[in-house]
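Here's the structure we're looking at; comments come further down.
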Amino acid sequence: MILELVGHAERLLPLGNTDVWTHDGVAYLGTSERHCGTGEVDDSGIQIYSVDDPKNPQRIGALPSVKGSRSNDVKVAAMVGGVRLVHSNESCEPGGPGGFEVYDVSDPHLPIHLAHVETNSVNKFSRTNVGETNVGVHNLYLFHREGSDYVASQVNTTIGSFQIFDISNPSNVNRIGYFGAEALRWPYVNWETTSDPEFINEVESYLAGGFGQMRGRNLHDLYVTPDGKLAYLAHWDAGLILLDLADLSQPQVLSVALELDSGHGEVNSHSVWPTDDGRIVVEGAEDFNSHGTEVTIMNTEEAQSYPAVEGTFTRRIKTLPEELFSGPTVYLGLGCDSMSKPTSKGQVALILRGECSFSSKLDQALNLGYTAAVVFNHQTGGAETITMGARNQVNLPAVFVNHGAGLALGGVKHINQLTPGTTGATIRVKTAPNGWGGVRIWDYTDPRVPILASTFNTECSANPDTNTCARGILSSHNVIVEDNLAYISWYAEGLVVLDISNPYKPVEISRYRTSGPSFRLNNGGDQDIWGVHKIPGEPWIYISDRNGGMYVLETVIVASEQPKP
């Protein structure tokens, strides 16, 4: 199979384009938080393109993002009540609402807004005491069953993050069922009414925990079968969960696919798509932590080490002498205003997350004369270890650690005990390549006992320091499956197509990847493929580039692949 580029809907929006979805000759393209919603029809919303001629996409309209929120995910389907579009809302500025929007796009030239749906925690205590109301939605899926229309959604709440809504009557949308990974550990709890603060704290700690450096048992993405009876949940470090939706009000766990040895200490179940018969399931394991990085406290009787993640916009540790940085830490608070200058050569800035951007913090530390920096999570973020990102490069090596590690580096037990300007532990930070995230391919011949058939990674994703590899993120992202072919958006690696007819021996059969000065100019930056969609039976593949808009590829079968007469 050859992938030929045949069309381009140009949308030069740096790191702004997200998911793409197509329906009946029309394509829809989402927008990231870098271009926050204004409430107006502009570059911040859902862009609509006619692809009746896939080789010549034409913009025909747009839907506004809700003011203060981003419209990351978009889905469109023919439902009982008409052609429905839903898009997610995630806050990208203070006060930005969560939930999702419902439109009728039976005529995509004249979309009709039907509903704004607010999403909240299913737990009354969390709504009342923790403020988990009007929370964001990251991914959605449309399905219909028995004369009714439904939205299955990922909600950014602690308890009950998988929620099902009946949208048959848009003026009265109701949540009718839910599930969360907390039920795996405590299966008999009434999650709507439980109110013991200590128990809820224990649940939150469990969901914030996990494996590797990008921890958390939060739901990320989902897929519902066409008959609406099964849901596959990519539940990050809780694994790949299969739910029976026979009773939509009470989803039941059929199985959990979790293999801890398949991703260098990470799980990161990010995306999922089964074959039509459900026998094979492809799971994307997004992982930005291409290098195993750790911070070690040296001035103790026994060296203590903590996992860390290197920033994407900072000076690479591997470019430093001996590929490490070291020195005594100096606590600088939030690092957003004027800070203490280093009192001796080689000191490392210790900075708390929050209030201002990572680039602002690190720019200040660099300008003051610190040789490196460690940013640690705030109390709310707790055990989470994230990847620091920014548009502009900062010539300072820096890593991110969780809250507990930051306190240890400062030599205290609680954040209130840290005072800006004080010296903490002497540390050493070292990194070594261990690969980006690939995909896992599961054998679901018995859906109650899934078997890990194989894993797949590209050469550059598995070996991030190879000189011939592209710049940027080399992790897998989203996946769709048609017949026995998996189409995987892979950021800087482009679009990867796998033959999974034998799930135990997947074979890459095609790749769309391009680079060079001319492409970067026309694309508004390096190739950075985020979304992928394909209409079954058609040769067209629609992919979104975070920088350059939507591209249309055509699958061309080469002579050796033609069926024999």
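Any read-out appearing in this document is the output of simple, stated calculations on the displayed coordinates, not a laboratory observation. Please read these numbers as outputs of a predicted model, since none were measured by experiment. FYI the Cβ positions are ideal-geometry reconstructions off the backbone, even for glycines, and counts take in every protein chain you see.
Antiparallel as a % of all DSSP beta bridges within the stretch 291-433, to the nearest 5?
DSSP beta bridges in the stretch 291-433 are roughly 60 percent antiparallel.
Quick one: Leu5, Leu495, fewest Cβ neighbours within 10 Å first, how do they rank?
Neighbour counts put them in this order, fewest first: Leu5, Leu495.
For the stretch 291-433, what is the relative contact order in percent, using Cα pairs closer than 8 Å and at least 6 residues apart in sequence?
36 percent
Please report, in debye to the nearest 20, how large the charge dipole of the chain is about its Cα centre when each Lys and Arg carries +1 at its beta carbon and each Asp and Glu carries -1 there.
Approximately 1480 debye in magnitude.
Going by how many other Cβ atoms sit within 10 Å of their own, how do Thr455, Thr22 line up, fewest first?
By the 10 Å Cβ count, ascending: Thr455, Thr22.
Using the Karplus curve 6.51 cos²θ - 1.76 cosθ + 1.60 with θ = phi - 60°, what ³J(HN,Hα) values do you get for each residue of the stretch 427-434, in whole Hz, with x for Gly and Pro?
So the J values, rounded to whole Hz, are 10, 9, 10, 10, 9, 8, x, 9.
Looking at Ile280, Ser269, Gln304, which one has the Cα that reaches farthest to the positive end of the dipole of the stretch 268-363 (charges on Cβ: Lys, Arg +1; Asp, Glu -1)?
The Cα lying farthest towards the positive end belongs to Gln304.
Taking the Cβ of Ser290 as the centre, find all other residues whose Cβ is under 9 Å away and add up their charges (Lys, Arg: +1; Asp, Glu: -1).
Computed value for this residue: -3.
Note the full-extension length gain between Ile112 and Gln58 as 0.36 nm times their separation in residues minus their Cα-Cα distance, in nm to one decimal.
Difference between extended and current length: 17.4 nm.
Using Cβ contacts closer than 10 Å as the measure, can you line up Met550, Met1, Met388 from fewest to most?
The most exposed by this proxy come first: Met1, Met388, Met550.
Filter Lys229/Lys534; Lys55/Lys229; Lys361/Lys430; Lys341/Lys430; Lys124/Lys361 down to the pairs with a C-alpha to C-alpha distance above 26 Å, please.
Lys55/Lys229; Lys124/Lys361
Taking one equal scatterer on every alpha-carbon of the chain, how large is log10 of I(q)/I(0) by Debye at q = 0.06, 0.08, 0.09, 0.13 1/Å?
-0.30, -0.54, -0.69, -1.46
Out of every Cα pair in the stretch 425-474, what percent are spaced more than 12 Å from each other?
So the portion of pairs separated by more than 12 Å is 72 percent.
Which FRET efficiency, nearest 0.05, do Leu12 and Leu334 yield, Cβ-Cβ r, R0 45 Å?
0.85
Kindly express, to the nearest 10 degrees and within the range 0 to 90, the angle between helix 197-208's C-alpha long axis and the longest C-alpha principal axis of the chain.
Computed tilt is about 80 degrees.
Only sites in a loop by DSSP and with at most 16 other Cβ atoms within 10 Å count here; which chymotrypsin sites (Phe, Trp or Tyr not before Pro) in the stretch 170-264 make the cut?
The qualifying sites are Tyr188.
Which one of Pro536, His113, Gln252 is farthest out on the positive end of the charge dipole of the chain, using unit charges on Cβ (Lys, Arg +1; Asp, Glu -1) and the Cα centre as origin?
His113
What FRET efficiency do you get for Glu459 and Tyr504 if R0 is 22 Å and r is their Cβ-Cβ distance, rounded to the nearest 0.05?
Plugging the Cβ-Cβ distance into 1/(1 + (r/R0)^6) gives 0.65.
Provide the FRET efficiency to the nearest 0.05 for the Trp186-Ser249 pair, computing r from the beta carbons and using R0 = 30 Å.
With a Förster radius of 30 Å, E is 0.95.
Would you tally the net charge around Ser338, using a Cβ to Cβ cut-off of less than 15 Å, leaving Ser338 out, and scoring K and R as +1, D and E as -1?
-1
If the label point is 7 Å along Cα→Cβ of Phe519, which residues in the stretch 536-551 have backbone nitrogen under 15 Å from it?
Hits in the stretch 536-551 for Phe519 at 15 Å: 543-551.
By how many degrees, between 0 and 90 and to the nearest 10, does the Cα long axis of helix 358-368 differ from the longest principal axis of the chain?
Around 30 degrees separate the two axes.
Tell me the trypsin sites (Lys or Arg not before Pro) within the stretch 131-240 that lie in a loop according to DSSP and have at most 15 other beta-carbon atoms within 10 Å.
Lys229
To the nearest 500 deg cm²/dmol, what mean residue ellipticity at 222 nm is calculated for the chain from DSSP H runs of n ≥ 4 alone, each contributing -39,500 (n - 2.57), summed and divided by the residues?
So the calculated ellipticity at 222 nm is -2000 deg cm²/dmol.
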